[in-house]
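Some notes on the structure that comes next.
The values are calculated or read from the model by the stated rules, or taken from the named source; none is laboratory data. Treat the numbers as computed from the prediction; the structure is a model and nothing was measured. Methodologically, a virtual Cβ is constructed for each residue, glycine included, from the backbone with ideal geometry; neighbour enumeration extends over all protein chains shown. The area values use the complete protein model at the heavy-atom level, side chains included, leaving out ligands, DNA and RNA. Shrake-Rupley method; radii C 1.70, N 1.55, O 1.52, S 1.80 Å.
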Amino acid sequence: MSQPIGLGIPDTPPPTLAPRRKTRQLMVGDVGVGSDYPISVQSMTTTKTHDINATLQQIAQLTAAGCDIVRVACPKTVDAEALPAIAAKSPIPVIADIHFQPKYIFAAIDAGCAAVRVNPGNIREFDGRVKEVAQAAGDAGIPIRIGVNAGSLDKRLLEKYGKATPEALVESAMWEASLFEECGYGDIAISVKHNDPVVMVEAYRQLAAKTDYPLHLGVTEAGPAFQGTIKSSVAFGWLLGSGIGDTIRVSLSADPVEEIKVGDQILQSLNLRPRKLEIVSCPSCGRAQVDVYTLANEVTAGLEGMKFPLRVAVMGCVVNGPGEARDADLGVASGNGKGQIFVRGEVIKTVPESQIVETLIEEAQRIAEEQGWDEQEGMSPSVKVTN
């Protein structure tokens, strides 16, 4: 019987670029938000909220992809009327997204939503209703996210600064937070979003220096999947790498499940979330003796959905291939129509090029089974937590 190899969840946390900024702590349903908790990934449903079945179906898809908290729009009375059923049946905490009408804030609180996001810049007479909102949210024991957006900044601040500068975004957020604090309510998270990653980063830097509120990061209107992924990765990488940020949303003009995939990968890449499957593959070059693109894509597709923390190297030449394959948990160094299969630095077999993909998939599954990994539970028996 073969001996288990040294894979799986590491005994000690991997290094990060900077310590987390210390914040106050909030509970959004059963998800903690703040420096004492892991950074959470959010998305927002694209369905009409009043279509309860469609909305819950999309929430289920987001949950399966790894979403921690979901936001739903509430622009109409029929949407507010759907909130109780959605909040009760959603497997993850639901945040109601409120614009324009303050009455929907109270409807969301009464519906049992885990939190409410308000956009003070476009809610009518919001400042005059803060005391009521603070009282209702406090009685319900839920937090409020003050969400300041460059595209809907308060007109007074636009007149003062001329445009949505970092200073304007921060001043808006801090002013609104101060109104809640005057009412004795402090369960607040803040976001100051802009479509320009540079402006967005500077706004969060300034905000982080002024307050201990948990911060929700986002590059708003980031664009289609490719562009939005780049912009969000650049901005989140800088901020999270500096210890700033407690919950994130990657805003893409795409299926919201893609937002979760990108957000999850950003956190994994910064060692801020346990790594799952990671494919290491060379970009190919004139030295490659196999079609690395096809190999990497086929291996990725074959292992899609695997949550076991495995690093798989798919290499196509003799220069970096053997070294990268040896450093990975599982790897192949390809050339001359065949591939050397490595497991934890040791060559275990050599197979024809046509069998590389199926061999890597079989070995990955074998390794996970030997480690006692349960794909349904997402952890091995040695790290399962019982109540």
Exercise for the section: Please name whichever of 306, 88, 203 sits farthest to the positive end of the charge dipole of the chain, dipole taken about the Cα centre and charges placed at Cβ: Lys and Arg +1, Asp and Glu -1. Expected result: 203
Practice task
Let me have the relative contact order for the chain, percent, based on Cα pairs under 8 Å that are six or more residues apart.
Solution key: 14
Fill in the blank from the handout: Expected field for residue 175, accessible surface area in Å² at 1.4 Å probe radius, rounded to 10, holds 130
Completion exercise
Counting only DSSP beta bridges with both partners in the chain, the antiparallel fraction in percent, to the nearest 5, comes to 30
Handout entry: Theoretical FRET efficiency, 1/(1+(r/R0)^6), r = Cβ-Cβ of residue 167 and residue 271, R0 35 Å, to 0.05
Key = 0.60
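Which pairs break 23 Å Cα to Cα here: 103/131; 89/193; 163/231; 193/261? Let's see the in-between values first.
On the way: 103/131 14 Å; 89/193 30 Å; 163/231 21 Å; 193/261 20 Å.
Pairs exceeding the cut-off: 89/193.
How big is the dipole moment of region 277-367 about its Cα centre under a simple scheme where the beta carbon of each Lys and Arg is +1, that of each Asp and Glu is -1, and everything else is neutral? Debye, nearest 20, please.
200
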Problem - Most mobile of 122, 53, 336 in a GNM of the chain (Cα contacts under 10 Å) - result: 336
Completion exercise
Among 268, 256, 234, the residue whose Cα sits farthest towards the positive end of the charge dipole of region 217-278, when +1 is placed on the Cβ of each Lys and Arg and -1 on the Cβ of each Asp and Glu, is 268
Problem - Virtual spin-label span in nm between residue 63 and residue 48, 7 Å along Cα→Cβ - result: 2.4
Fill in the blank from the handout: residue 327 and residue 103 label points (each 7 Å along its Cα→Cβ direction) are spaced in nm at 6.2
Fill in the blank from the handout: Binned at 20 Å from zero, the C-alpha pair distances of the chain give percents of 26, 50, 22, 3
Fill in the blank from the handout: Plugging the Cβ-Cβ distance of residue 125 and residue 234 into 1/(1 + (r/R0)^6) at R0 = 35 Å yields, to the nearest 0.05, a FRET efficiency of 0.40
Exercise for the section: Enter the accessible area of residue 304 (Å², nearest 10), with the probe set to 1.4 Å and all protein chains included. Expected result: 140
Fill in the blank from the handout: Placing +1 on each Lys and Arg Cβ and -1 on each Asp and Glu Cβ in region 277-367, then taking the dipole about the Cα centre, the residue among 341, 277, 294 whose Cα reaches farthest towards the positive end is 341
Problem - Most mobile of 166, 84, 256 in a GNM of the chain (Cα contacts under 10 Å) - result: 84
Handout entry: Gained length - residue 226 relative to residue 198, 0.36 nm times residue gap less alpha-carbon distance
Key = 8.3 nm
Handout entry: Contour minus Cα-Cα distance for residue 135 and residue 366 (0.36 nm per residue)
Key = 77.6 nm
Completion exercise
Expressed to one decimal in nm², the mean projection of the alpha carbon convex hull of region 277-367 is 4.9
Practice task
Express the carbon and sulfur contribution to the solvent-accessible surface of the chain as a percent, rounded to the nearest whole number, probe 1.4 angstrom.
Solution key: 52
Handout entry: Debye, to nearest 20: dipole size of the chain, +1 on Lys, Arg Cβ, -1 on Asp, Glu Cβ
Key = 700
Practice task
Could you check which residue among 88, 60, 301 shows the biggest mean-square fluctuation in a GNM of the chain with a 10 Å Cα cutoff?
Solution key: 301
Exercise for the section: Subtract the Cα-Cα distance of residue 347 and residue 88 from 0.36 nm times their separation in residues, and report this length gain in nm to one decimal. Expected result: 88.0 nm
Problem - Heavy-atom accessible area per residue - the chain, 1.4 Å, Å² - result: 46
Problem - Computed label-point distance, nm, for sites residue 304 and residue 181 using a 7 Å Cα→Cβ extension - result: 4.8
Problem - Span-rule helices in the chain, defined as complete DSSP H runs reaching 18 Å or more along the axis (Cα) with Kyte mean at least -0.5 - result: 52-65, 77-89, 126-140, 166-182, 197-210, 225-241, 256-269, 356-370
